[in-house]
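The values are calculated or read from the model by the stated rules, or taken from the named source; none is laboratory data. Because the structure is predicted, anything quoted here is derived from the model rather than measured. FYI the Cβ positions are ideal-geometry reconstructions off the backbone, even for glycines, and counts take in every protein chain you see. Accessible surface areas use protein heavy atoms only, side chains included; no ligands, DNA or RNA. Shrake-Rupley method; radii C 1.70, N 1.55, O 1.52, S 1.80 Å.
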Amino acid sequence: MKVLLVAGARPNFMKIAPLYREALAMRSINCMLVHTGQHYDYEMSQAFFDDLQIPKPHYFLGAGSGSHAVQTAKIMTSFEEVCLKERPRIAVVVGDVNSTLACSITAKKLLIDVAHVEAGLRSGDMSMPEEINRIVTDSISDYLFVTEKSGIENLRNEGKSEDSIFFAGNVMIDTLYFQLRRLKDGAVPVGIPKPDRPYAVVTLHRPSNVDNREKLRELLLALVKISEDMPVIFPIHPRTSKNIEEFGFTELIRRSDISLIAPLSYMPFLMLWKDAALVLTDSGGLQEETTALGIPCFTIRENTERPVTITEGTNILVGTDHDGIMAAYGRFTKGEIKGGRVPELWDGKAAQRIMKVLGER
Ligand code: UD1
């Protein structure tokens with residue numbers, strides 16, 4: 001059975017790695033990799049393929065940046081050609097980026113079954129492009145692979161049939177455990193320079209946090225304050241980097257103990273955040289990864305589509321205001337550190353479960 005496995009943006013690459021590895025080991029599945037090219041900088045794309053040992057994709061669509069409509073349209077047009085040529089039985093899409101949406105719609109209209117890995121997550125915030133991508137993708141998917149129980153509830157509430165929903169676990173955590181084992185076995189020769197005292201790691205890239213001058217200033221001021229206590233290391237997304245320069249915040253950061261560094265690929269970033277005293281982020285995946293390793297995480301957002309990281313994990317929603325972040329940080333410095341446990345089925349075997357389901361069709 002032919003399967004197209006699609007990835008396009010940075011947070012997709014760690015999700016397809018274990019799926020592709022599993023598929024390769026199965027006789028019943030002929031899996032081809034499609035990279036839409038939504039992310040294209042070396043640090044945002046190829047570095048992940050190298051680090052995660054994902055082979056060169058069978059197709060690279062070169063979609064690149066643009067408005068949401070332009071980007072989505074470009075991906076749809078080129079992915080349609082691939083589908084028409086390859087005639088797969090199933091298209092597997094992961095996560096919630098524009099590539100996920102574009103390829104699921106394209107496949108479904110060609111009567112190709114769609115499997116969505118990381119289905120059912122809902123933030124309830126329709127101003128997030130990812131929320132629209134999730135809802136539309138789930139609404140047309142034939143196989144809904146869910147990472148946490150809230151996802152099952154959400155899909156039931158939206159009327160999805162029970163036999164399309166599979167509680168599979170979290171492929172991102174498969175990659176995390178797999179790569180941690182490689183680190184432990186000494187398979188990764190290079191280390192990365194880290195402070196020899198407690199430090200914080202920050203990632204920020206959501207348009208709602210970084211595209212508005214005043215909002216970004218407020219968040220940076222909170223980080224500057226935290227950096228008075230401990231070094232803050234901030235691998236920076238191209239969007240955020242552009243805005244910091246454009247809004248004139250370079251000097252503010254230069255005067256503080258915040259180190260802005262280029263975006264890191266998977267392994268160097270893992271080496272950095274796994275030993276952090278605190279992670280502050282607006283990313284989706286990092287909320288889950290910190291929960292899996294028990295690292296305190298402040299999520300700089302008003303909501304999360306990953307509630308299990310709050311109810312069971314180490315994640316705290318601190319909002320996007322300076323005072324909210326500082327209040328949570330004040331509690332943290334007093335030793336009020338939230339403990340957590342690893343959510344059900346985040347055991348490194350999600351890809352195995354998913355490919356078993358698909359292989360039996
Ligand atoms: C995308 C995802 C988001 C994910 C994020 C992780 C959508 C809707 N959003 O957002 O869910 O958390 O990736 O990184 O799909 N750029 C580069 N080089 C690149 C890629 C982008 O310089 O390789 C710059 C471009 O100026 C581009 C901007 O970053 O316009 C934004 O890229 P885009 O792919 O549109 O969305 P992200 O903000 O990266």
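Worth pointing out:
- Helices (runs of 4 or more DSSP H) contained in segment 1-113 and holding at least 2 residues open to solvent by 40 Å² or more (accessible area, probe 1.4 Å) and in contact with a helix residue (DSSP H, G or I) (Cβ under 9 Å, 6 or more places away or on another chain): 10-24, 68-86, 98-109
- Condition met for Thr290 (of a type in the set (Ser, Thr, Tyr), more than 21 Å from Ser127 (Cα to Cα) and without any contact (Cβ under 8 Å) to a residue 40 or more places away in the chain): yes
- Segment 295-318: number of residues that are within 11 Å of Asp282 (Cα to Cα) and touching an Asp or Glu at 6+ places or on another chain (Cβ under 6 Å): 3
- Test result for Ile112, of a type in the set (Val, Ile, Thr) and under 17 Å from the mean Cα position of the chain (by Cα): no
- All conditions but one from (1) free of Cβ contacts under 8 Å to residues at least 24 places away in the same chain; (2) under 25 Å from Gln38 (Cα atoms); (3) more than 16 Å from the ligand (Cβ to nearest atom) apply to Asn212; the one that does not is (3).
- Any hit, segment 223-235, residues being under 30 Å from Val171 (Cα atoms), open to solvent by 40 Å² or more (accessible area, probe 1.4 Å) and of a type outside the set (D, E, K, R): no
- Of all residues in segment 329-361, those that are closer than 30 Å to Val232 by Cα and either touching a Leu at 6+ places or on another chain (Cβ under 7 Å) or open to solvent by 60 Å² or more (accessible area, probe 1.4 Å) (or both) total 9.
- Complete set of residues in segment 133-153 that are under 17 Å from Gln287 (Cβ atoms) and either outside any strand (DSSP E or B) or open to solvent by 10 Å² or more (accessible area, probe 1.4 Å) (or both): Arg134, Thr147, Glu148, Lys149, Ser150, Gly151
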